[in-house]
């Protein structure tokens with residue numbers, strides 16, 4: 001791993017605990033002052049306060065697209081910078097912040113962690129502290145030359161729940177948040193013009209409309225932005241999904257009077273005006289530059305150069321934003337108070353996994369990965385349970401549901417992040433499952449594969465919701481309408497929908513969630529020439545995974561007919577495996593409706609696939625590794641093929657991506673591949689491959705992630721790898737084993753589950769191989785554990801060595817099945 005920076009940023013959390021109240025915040029602040037703690041004292045080697053090891057700047061370079069701003073676990077508000085490279089319609093990175101771009105045009109209220117589309121999502125209502133006279137429209141500053149400011153990382157501090165930055169202009173910001181609200185201190189140079197710009201229309205993807213009101217008497221600024229368009233600028237040449245699907249409302253109260261006010265629309269500035277409206281549109285460059293609206297408030301800094309704000313947000317109404325603010329942050333709470341509560345909430349959340357041992361860098365990488373994994377899903381319901389439905393109507397949470405969640409990057413998350421969520425926060429997972437079911441009922445029974453706020457974006461391919469909810473159920477999540485959700489997902493997988501014959505949005509955002517389902521069910525593969533999908537081969541693999549997961553769910557529900565049908569469909573991947581694709585080795589390959597293979601074939605090509613090559617997708621059969629091995633000529637032959645996937649011809653590792661024939665840690669289709677050796681009878685190769693990725697691909701510092709975090713997916717991969725376990729396949733709770741990174745880890749999930757304890761006393765940088773395993777005290781000669789560990793808790797004890805044990809867990813009868 002790269003070395004830790006000399007001054008590691010330690011975080012001081014600022015939000016309240018989930019569903020917190022005014023009294024709860026006050027009590028928590030008081031308990032912190034008294035030095036009390038809610039848990040027993042850990043052993044000396046155990047991390048006592050994991051929050052101290054979180055660095056939100058990890059992943060903010062190298063395409064990780066994380067953001068450093070203030071948030072709370074699963075919270076609605078995420079107050080973080082919007083950077084600029086000199087184009088008001090663009091930003092430094094997909095999520096609004098790039099470590100290598102040190103010019104800022106505002107501090108925005110909403111963000112999504114690690115989304116890959118550029119720009120990604122949200123970045124709503126940038127608030128910019130500006131030093132100087134506001135004598136022209138900020139929307140007319142299309143190059144961000146005037147109404148933006150440079151900053152240095154020496155003057156920036158990012159912590160869980162709190163973000164601080166000093167700008168080269170002399171202005172500074174200190175932000176802290178609860179779940180749906182926040183507080184801020186803005187300071188300005190004395191005796192210089194001081195202003196706060198509310199750039200209400202300047203969301204990352206633009207806006208349909210926006211509005212701002214300034215109430216001088218009440219010392220308030222309120223407004224909203226109507227926006228959406230996730231991925232709409234990048235996918236398919238930017239022609240798809242340029243639409244609005246949510247409004248974000250905000251209310252901001254100040255501790256002092258304004259010395260001046262004004263608004264703007266497009267290139268017109270109106271000093272003294274207190275209301276304005278107008279959106280930017282969703283285009284880029286000259287088509288959008290100079291558009292939009294906003295307002296500003298000015299302050300006299302002769303005697304006081306500090307400005308304090310209390311701010312609330314809502315996706316339902318301005319009244320909802322006001323109520324969220326009143327209910328979550330006491331009127332006299334300071335930034336330090338809210339930050340302390342936020343720090344405590346993150347610390348409590350991260351103690352779901354208590355590790356012992358490891359180096360400073362390893363602890364930082366681990367707890368930051370856990371922090372990134374637990375930022376989503378995100379609340380979109382107000383404290384009173386109301387939220388914006390996918391039918392554009394205000395809805396209320398279902399009976400027994402505590403909150404409505406959104407931001408579902410299904411194609412990414414179903415491979416690792418949802419399993420970690422179910423393991424650590426089963427109650428949130430259940431509410432999330434119900435949330436997605438609610439959306440489907442508001443969307444004509446259609447479950448969208450990538451949901452942002454209340455919008456169906458159609459991004460990516462396959463049916464990841466089926467895989468996700470089946471996984472939740474397998475892992476013991478029960479607080480959702482499981483029968484209703486299964487019936488609905490089974491219907492989507494079995495009854496053709498008219499959207500399935502549409503090419504709208506293709507390839508990246510195909511409208512049909514089960515494209516050309518009638519043809520798929522008839523041919524038993526998605527035909528490349530008529531599939532109305534991103535790629536026929538990829539669609540076949542994705543649907544096979546989803547159907548295999550649904551089959552397991554059906555079995556647990558006692559639905560034997562559906563179990564048998566879906567189990568057979570889980571094997572449809574075989575219909576796109578061409579054993580003659582290349583000389584001596586088969587590959588997954590797209591085929592046409594007439595049964596012929598799509599040619600010419602190149603294993604490095606993405607023809608028929610989505611964001612990956614045939615070489616990568618060939619391994620995407622986690623539900624039937626033994627069947628894949630048989631198709632390749634047996635386990636030994638498959639393992640030899642897998643060796644070439646992780647190594648160059650000279651035997652050196654190839655784990656960083658950039659070679660279409662080999663492993664790519666930056667994207668999801670192949671991230672499970674290191675664990676396939678377990679099923680192939682060579683688990684020591686999983687152990688050395690996983691450890692090599694952990695040590696060389698992940699790390700600390702801004703470039704510590706291999707690529708897009710994809711709503712916590714890549715971070716969840718690291719968490720599992722460091723713990724020495726990994727989900728075997730969607731729809732199952734079985735775990736594959738490898739060597740843990742830490743001598744001890746205790747997973748104590750919320751909701752009353754029994755703890756999982758993982759011990760590996762000899763864990764070290766050199767002891768990366770498993771010699772023996774004991775499960776609940778009994779010797780385990782298998783490289784996997786069934787669902788009982790996840791559902792009922794237990795203990796895993798690893799004996800580790802510095803050399804491979806090539807006999808442990810290799811007998812055919814013990815292999816993962």
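The values are calculated or read from the model by the stated rules, or taken from the named source; none is laboratory data. In this text the structure is predicted, and so the values were computed from the model without any measurement. All Cβ positions, even for glycine, are placed from backbone atoms using ideal geometry, and neighbour counts span all protein chains on display.
Tabulated results
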{"item": "Search result, residues across the stretch 427-459 that are buried (at least 24 other Cβ atoms within 10 Å of the Cβ), in contact with a strand residue (DSSP E or B) (Cβ under 6 Å, 6 or more places away or on another chain) and assigned to a loop (DSSP other than H, G, I, E, B)", "result": "453, 454, 457, 459"}
{"item": "Single residue of the stretch 92-140 satisfying the filter (at positive phi and either part of a loop (DSSP other than H, G, I, E, B) or without any contact (Cβ under 8 Å) to a residue 24 or more places away in the chain (or both)) that is surrounded by the fewest Cβ atoms within 10 Å (Cβ to Cβ)", "result": "132"}
{"item": "Filter result for residue 294 (within 30 Å of residue 75 (Cβ to Cβ), in contact with a strand residue (DSSP E or B) (Cβ under 9 Å, 6 or more places away or on another chain) and either part of a strand (DSSP E or B) or in the same structural domain as residue 378 (by TED's automatic domain parsing) (or both))", "result": "yes"}
{"item": "Unique residue being buried (at least 23 other Cβ atoms within 10 Å of the Cβ), touching a strand residue (DSSP E or B) at 6+ places or on another chain (Cβ under 6 Å) and more than 30 Å from residue 701 (Cβ to Cβ) when the list is 181, 176, 171", "result": "181"}
{"item": "Selection count, the stretch 240-279, where residues are surrounded by fewer than 16 Cβ atoms within 10 Å (Cβ to Cβ) and either within 33 Å of the chain's Cα centre (by Cα) or over 28 Å from residue 314 (Cβ atoms) (or both)", "result": "6"}
{"item": "Subset of the stretch 144-172 (residues that are touching a helix residue (DSSP H, G or I) at 6+ places or on another chain (Cβ under 6 Å) and either free of Cβ contacts under 8 Å to residues at least 12 places away in the same chain or in a strand (DSSP E or B) (or both))", "result": "162"}
{"item": "Output for the stretch 365-398, where each listed residue is in contact with a helix residue (DSSP H, G or I) (Cβ under 6 Å, 6 or more places away or on another chain), more than 21 Å from residue 725 (Cβ to Cβ) and at pLDDT 95 or above", "result": "377, 382, 383, 389, 390, 391"}
{"item": "Of all residues making up the stretch 580-591, the number that are in a loop (DSSP other than H, G, I, E, B) and surrounded by 16 or more Cβ atoms within 10 Å (Cβ to Cβ)", "result": "2"}
{"item": "Test for residue 202: is it under 20 Å from residue 140 (Cβ atoms), more than 31 Å from the chain's Cα centre (by Cα) and either surrounded by 23 or more Cβ atoms within 10 Å (Cβ to Cβ) or assigned by TED's automatic domain parsing to the domain that holds residue 320 (or both)", "result": "no"}
{"item": "Test set (1) under 25 Å from residue 417 (Cα atoms); (2) surrounded by fewer than 20 Cβ atoms within 10 Å (Cβ to Cβ); (3) touching a residue at least 12 places away in the same chain (Cβ under 8 Å) - residue 749 fails condition number", "result": "(2)"}
{"item": "Selection within the stretch 569-579 - in a helix (DSSP H, G or I) and within 32 Å of the chain's Cα centre (by Cα)", "result": "569, 572, 573, 574, 576"}
{"item": "Enumerated helices (runs of 4 or more DSSP H) restricted to the stretch 680-793, each holding at least 2 residues that are out of contact with any helix residue (DSSP H, G or I) (no Cβ under 7 Å at 6 or more places or on another chain) and at pLDDT below 95", "result": "788-792"}
{"item": "Residue satisfying condition, being under 21 Å from residue 350 (Cα atoms) and assigned by TED's automatic domain parsing to the domain that holds residue 282, within set 86, 123, 161", "result": "161"}
{"item": "Matching option when the condition is closer than 26 Å to residue 518 by Cα, surrounded by fewer than 16 Cβ atoms within 10 Å (Cβ to Cβ) and either free of Cβ contacts under 8 Å to residues at least 60 places away in the same chain or in the same structural domain as residue 678 (by TED's automatic domain parsing) (or both), among 594, 606, 624", "result": "594"}
{"item": "The stretch 173-197, residues that are touching a helix residue (DSSP H, G or I) at 6+ places or on another chain (Cβ under 6 Å) and in a strand (DSSP E or B)", "result": "174, 176, 181, 183, 185, 197"}
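Residue by residue, here is whether (1) over 17 Å from residue 195 (Cβ atoms); (2) surrounded by fewer than 22 Cβ atoms within 10 Å (Cβ to Cβ) holds:
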position: 281; (1), (2): yes, yes
position: 305; (1), (2): no, yes
position: 313; (1), (2): yes, no
position: 318; (1), (2): yes, yes
position: 324; (1), (2): yes, no
